[in-house]
Amino acid sequence: MAEDEKDDDGEAVGLRKIIHVDMDAFFASVEQRDNPELQGKPVAVGGSSGRGVVAAASYEARKFGVRSAMPSVTAKRLCPDLIFCKSRFDVYREVSQQIRAIFRHHTDLVEPLSLDEAYLDVTEDKLGIGSATRIAELIRQEIRAKTKLTASAGVSYNKFLAKLASDQNKPDGLCVIRPGQGAEFVQSLPVRRFHGVGPKGAEKMDRLGIQTGADLAAKDIEWLRAHFGSFADYLYRAARGIDLRPVRSSRIRKSVGGERTFSRDLSSGSELRETLEDIIDIVWGYILRAEAKGRTVTLKMKYTDFQIFSRAKTVDRPITERAEFERISRELLEEVLPLPMPIRLMGLTLSKLEHDGPEEPKRPDAQLSLL
């Protein structure tokens, strides 16, 4: 075994059986399940106000170009018949617990990424089935039977490939990437499909003549380091279908948040307060999905001259209720009003986290955006 074939814990890596399960349009599908009148119609979960943001979109809505984190006005313009539903995170969390119980029926090595997706290591499955593909099929069948929802799954020998595979045949699909097929599969994909490559990263690669995994694989490590710094090692391995990370049943992240860049600069107190309410709604959704409890709330703003200003408040115990998160966020905004100049961006972050939930992967080139 090569010297570098060790996982993040320094353990030698053998052949693993990894499944990535991703619920199909989870929030919107729950709303359609619970309200038969919404079935087959374009549905968005989130605020429908002037500065509202889409938290999730059904596949019927996605056909019109509606996507999560899109401003509601844009979504409504793309799909005039779009139906907005208020988020019900207590219901989504309850369904998520049902799904995780199904996962743990097969393995204790479950790494949730959010309420609606997780990695499973079934190299040694509890029921002795032996086939990761068969286990993925059974899990999808059990989810459908117990929740009346569909899930897509990817099966492979590492996490990177399993996640790519789960997105390959959505919705309600299964894709298997077998040993020896990883590099060929990855190199046939556009680089924007690579987990961790956000819009800015894809634009930079395009300027450098990199559109596919094959283009990326053609570059040596020194060239990648010269252009992408510390991200180069990940890109080099990803282009070859290599990922040595183990599935971890508990991962702690440092913060969770989001920000929004406006189509026009804002300055009035009423506009800023209204915008803050929409950001609170979306970021609290992220907090619930990540199952995070933190003690520090940070308000971030970018002025028209691109200077960044932030104000934070730390409390002595983890914030577990939305009302407290809302109150602190509003207090932070009121402390800085009136602003010395208009702003082009506003964001909220919860940090100093204390929780037992998962670490949700983050794009290396940008904070999660609400645009």
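Quick notes
- Across the options ALA217, HIS227, SER249, the greatest Cα extent toward the positive end of the charge dipole of region 205-263 (unit charges at beta carbon of Lys, Arg, Asp, Glu) belongs to SER249.
- When the chain is treated as a GNM with alpha-carbon contacts under 10 Å, the residue of ASP167, ASP233, ASP305 showing the greatest mean-square fluctuation is ASP305.
- Evaluated with a Cβ-only charge set (Lys, Arg +1; Asp, Glu -1), the chain carries a dipole of roughly 600 debye about its Cα centre, given to the nearest 20.
- Within region 54-157, the GluC sites (Glu not before Pro) that combine a DSSP coil assignment with at most 13 other C-beta atoms in a 10 angstrom radius are GLU124.
- Look at the alpha carbon pairs under 8 Å that are at least 6 residues apart: their mean separation over the length of region 255-353 gives a relative contact order of 48 percent.
- Excluding same-chain neighbours fewer than eight residues apart, the lysines reachable from LYS126 by a Cα-Cα span under 24 Å are LYS17, LYS146, LYS159, LYS163.
- Rounded to the nearest 10 degrees, the inclination of helix 132-147 to the longest alpha-carbon principal axis of the chain is 40 degrees.
- Of the trypsin sites (Lys or Arg not before Pro) found in region 212-285, the ones in coil according to DSSP and having at most 13 other Cβ atoms within 10 Å of their Cβ are LYS254.
- Each Lys and Arg adds +1 at its Cβ and each Asp and Glu adds -1 at its Cβ; summed about the Cα centre, region 26-88 shows a dipole of about 220 debye.
- J(HN,Hα) series, region 337-349, from Karplus relation 6.51 cos²θ - 1.76 cosθ + 1.60, nearest Hz, glycine and proline x: 7, x, 6, x, 7, x, 10, 10, 8, 9, x, 10, 9
- Point-charge dipole on Cβ atoms (K/R +1, D/E -1) for region 279-352, about Cα centre, debye to 20: 220
- The chain: antiparallel DSSP beta bridges as a percent of all, rounded to 5: 85
- Within straight-line cross-link reach of LYS76, lysines at Cα separation under 16 Å, skipping those fewer than 8 residues along the same chain: LYS41, LYS63, LYS86
- For the options MET23, MET341, MET70, a Gaussian network treatment of the chain with springs between C-alpha atoms closer than 10 Å singles out MET341 as fluctuating the most.
- Burial ordering of VAL110, VAL30, fewest other beta-carbon atoms within 10 Å first: VAL110, VAL30
Rule-based calculations on the coordinates, nothing more; no lab input. Please read these numbers as outputs of a predicted model, since none were measured by experiment. With ideal geometry, Cβ positions are generated from the backbone for all residues, glycine too; neighbour counts draw on all protein chains shown.
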